[in-house]
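Some notes on the structure that comes next.
The values are calculated or read from the model by the stated rules, or taken from the named source; none is laboratory data. Since we're looking at a predicted model, the values are computed, not measured. Cβ atoms come from the backbone with ideal geometry, glycine included; neighbour counts cover every protein chain shown. Surface accessibility is based on the protein's heavy atoms, side chains included, excluding ligands, DNA and RNA. Shrake-Rupley method; radii C 1.70, N 1.55, O 1.52, S 1.80 Å.
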Amino acid sequence: PVATPARSHPPTTMIRAVLSALALAAGASAFLSAPRRAAVTARPRATDISMAYRVGVVGGGPAGACAAEALAKAGIETFIIERRMDNCKPCGGAIPLCMVDEFQLPPEIIDRRVRKMKMISPSNHEVDIGSTLKPHEYIGMTRREILDGYLRDRACATGATPINGLVSEVQLPKTKDGRYLIKYTDYAGEGNGGVPAEIECDVIIGADGANSRVARAIDAGTYNYAIAFQERIKISDEQMAYYEELAEMYVGDDVSPDFYGWVFPKYDHVGVGTGTVVNRPAIQKYQNGVRERAGARIAGGKILKVEAHPIPEHMRPRRVVDRVALVGDAAGYVTKCSGEGIYFAAKSGRMAGEAIAQLMKGGSRLPTEKEIIDAYIKPYDKLYGPTYAVLDALQRVFYTSNAAREAFVELCASEYVQKVTFDSYLFKKVQGNSPLGDVMLLFQTIGALFRGNALAEPDEPYYNPTESLKRLG
């Protein structure tokens, strides 16, 4: 167990939605030639006589790593707790171009630069998008084990102390300015099967994903969730050549009743997957549908890894309680329609870390709940709240029936839609809109919906009243 140092107390909404709809998260990558080593675990010092307040970051993905880096950079004593230092979360792995510059990501962690996407409708009508991209523009494809490890190592190099542990319980303070007690299983050391340990912290950032124990401890509220399922499949060199700079997205009730299926290029293989909220028990059926639709392009491939994970469908009712702030998936920062979460995880982690560091003034004072909300939650919601709302509306319109999905793919052929879509995704702001283009798109949308209703096959019914009511707490 870790000893605790003593301390003193110093009108176009739908049109915009259509424009943003194609800001699709895609992505992937592959394994590097050499396996990644887990970060060296340093332990909190039992003899530390520092009087400053400290922060515990639970979770070492993009959200936790970026939060820990911001805190450590400001001189705050910071601990980052992660169970698996080589974690590879099931995820498309796509990151927008702006993230590469904003987070100073080195080129070697970008496995592929996707410049083309193929949208495939329920009737297998294909539309190629990407012609509006400039030569230097691309969607970066990463492997989560590589991206997460890089960000986590950078946070530790900045001064955060890594703890290789699995958090089992977070106990709330018993007094107004008391410390939080984090209990965890310590896996430091070779062949360590895990021993009970604990650490006290004054502030906590919960970055521990959809099943967040931190969120549960502060009663942050429940949310609905999707199941994301992915197989990493090794295919031939000839088949991989087809996916050199290309990602595929499939829509139809055979691949998901409320999302999409994908084939994303990894480093030396492809990620093939799908997701659903409304019919989670049938996820394997939908995965088979994606493989059938991809057909010969992935035929004969060898399955390297099967992955599944819950993905939040909306923000938590409470994201800050007292001196605990949630970020990333723990807060519910995944967009509807596209399923994008990496950028918003990293951004929310950095914003929370910077806000809390500024409020703590080098670790000399404790922030209040209101201060954290004003400095972190309100600016984040102002920046990205409209994006979540618009993509939620889009998913409700275009992902609920085969007719709407046919219309969705038809609209993807519009050069105007493609330009605004990629600008919105790559740079996280809508660019190049014109009133005339918006009006034309409105009429195109209406026409596409009429044609979709006339041509599409009806959706296959499903029934799962019990499973659909389950929530993550």
Here the tail fraction of P(r) beyond 18 Å, over all Cα-Cα pairs of segment 267-365, rounds in percent to 63
For segment 220-318, state the semi-axes of the equivalent ellipsoid (square roots of 5 times the eigenvalues of the alpha-carbon gyration tensor), sorted largest first and rounded to whole angstrom. 27, 14, 11
What net charge is computed for the residues neighbouring Arg451, neighbours being all others with C-beta under 15 Å from the C-beta of Arg451, Lys and Arg scored +1, Asp and Glu -1? -2
With every protein chain in place, segment 228-312: carbon and sulfur % of accessible area (1.4 Å): 54
Can you work out the Karplus-derived ³J(HN,Hα) for every residue in segment 269-282? Use 6.51 cos²θ - 1.76 cosθ + 1.60 with θ = phi - 60°, whole Hz, and x for glycine or proline. 7, 10, x, 10, x, 7, x, 7, 9, 7, 9, 4, x, 9
I need the shape label for segment 50-113. Rule: rounded when a/c is under 1.5, else prolate if a/b > b/c, else oblate, with a, b, c from the alpha carbon gyration tensor. oblate
Sequence ranges 381-392, 74-85, ranked by mean other-Cβ count within 10 angstrom, highest first: 74-85, 381-392
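Using mean Cβ contacts within 10 Å as the protection proxy, how do 221-234, 320-333, 401-414, 281-294 order, highest first? Could the numbers behind the result be given before it?
Values: 221-234: 20.8, 320-333: 28.0, 401-414: 23.0, 281-294: 17.9.
Answer by packing, highest mean first, reads 320-333, 401-414, 221-234, 281-294.
When the expected Rg is taken as 2.2 N^0.38 Å, what fraction or multiple of it is the alpha-carbon Rg of segment 140-231?
1.29
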Listed here are the pairs Lys118/Lys378; Lys302/Lys419; Lys176/Lys470; Lys73/Lys176; Lys174/Lys336; which of them are more than 32 Å apart at the Cα? Lys118/Lys378; Lys302/Lys419; Lys176/Lys470; Lys174/Lys336
